[in-house]
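Shown next, in structure tokens, is the structure this report addresses.
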Amino acid sequence: MNLHVIRHGETDWSRAGRHTGLTDLALTGKGEAQARRLAPWLAAEAFGLVLCSPLLRARQTCAGAGLSCREVIDPDLAEWNYGDYEGMRSADIVRMHAGWNVFADGCPGGETPAQVGLRADRVIATCTGTPGDAAVFTHGEFASVLAVRWIGLEVSDGAHFCLGAAARAVLGWRPGHPDVAAILLWNAVPGM
């Protein structure tokens, strides 16, 4: 079983570099086009399970990619709850809180790294318990946490993994070593 992780397409806030946790924004026109470009690429896959964040931008990406008729909404796939930092840019947060890193520090009034790590672990358990490959439509920083938890690292290591808008990652197993979790593909977009 491989876990295909797809980040939502562009929104106004993601284009501006603003942290978008639970604010329910729609895709931009560019984000909608990014989602549609995923459709032929993902159509070649036989997914046993398709999960989606409840947030509009992820649901629109799933629909644009042609998989909305198969999706199951999973609240655990929502983006990090940024609490007091919702809508802010990292540079502005670092001016207030020197050295801030969401993966190590979490967010006041929002989620801690441990809370986000537990959500990622639940998503992984759900996906590994189903036959065939799974696809999840989620968000940038949550996708980073999924990747590090898949390979057994700490949430703080998620800072080293950046998934772009409407990009795909495939989490699976090292060839010839089915007991070694691996990142098989990262930050891929159609046409690469």
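The values are calculated or read from the model by the stated rules, or taken from the named source; none is laboratory data. Source: prediction; values computed, not measured. As a convention, Cβ positions derive from the backbone with ideal geometry for all residues, glycine included, and neighbour counts pool all protein chains shown. Accessible surface areas use protein heavy atoms only, side chains included; no ligands, DNA or RNA. Shrake-Rupley method; radii C 1.70, N 1.55, O 1.52, S 1.80 Å.
So here's what we get for this one:
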quantity	calculated
Where residue 70 falls short, out of the listed (1) out of contact with any strand residue (DSSP E or B) (no Cβ under 8 Å at 6 or more places or on another chain); (2) free of Cβ contacts under 8 Å to residues at least 40 places away in the same chain; (3) open to solvent by 50 Å² or more (accessible area, probe 1.4 Å)	(1)
Among the candidates 65, 35, 26, 46, residue that is closer than 27 Å to residue 122 by Cα, out of contact with any strand residue (DSSP E or B) (no Cβ under 6 Å at 6 or more places or on another chain) and at pLDDT below 95	46
Residue in the range 89-101 that is among the polar types (S, T, N, Q), over 19 Å from residue 57 (Cβ atoms), more than 12 Å from the chain's Cα centre (by Cα) and surrounded by 15 or more Cβ atoms within 10 Å (Cβ to Cβ) present	yes
Qualifying residues in the range 168-192 (those that are farther than 26 Å from residue 131 by Cβ and in a loop (DSSP other than H, G, I, E, B)) - the one most open to solvent (accessible area, probe 1.4 Å)	192
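Residue-by-condition table, conditions (1) farther than 20 Å from residue 15 by Cβ; (2) not charged (D, E, K, R):
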site	(1), (2)
71	yes, no
85	no, yes
88	no, yes
98	yes, yes
103	yes, yes
113	yes, yes
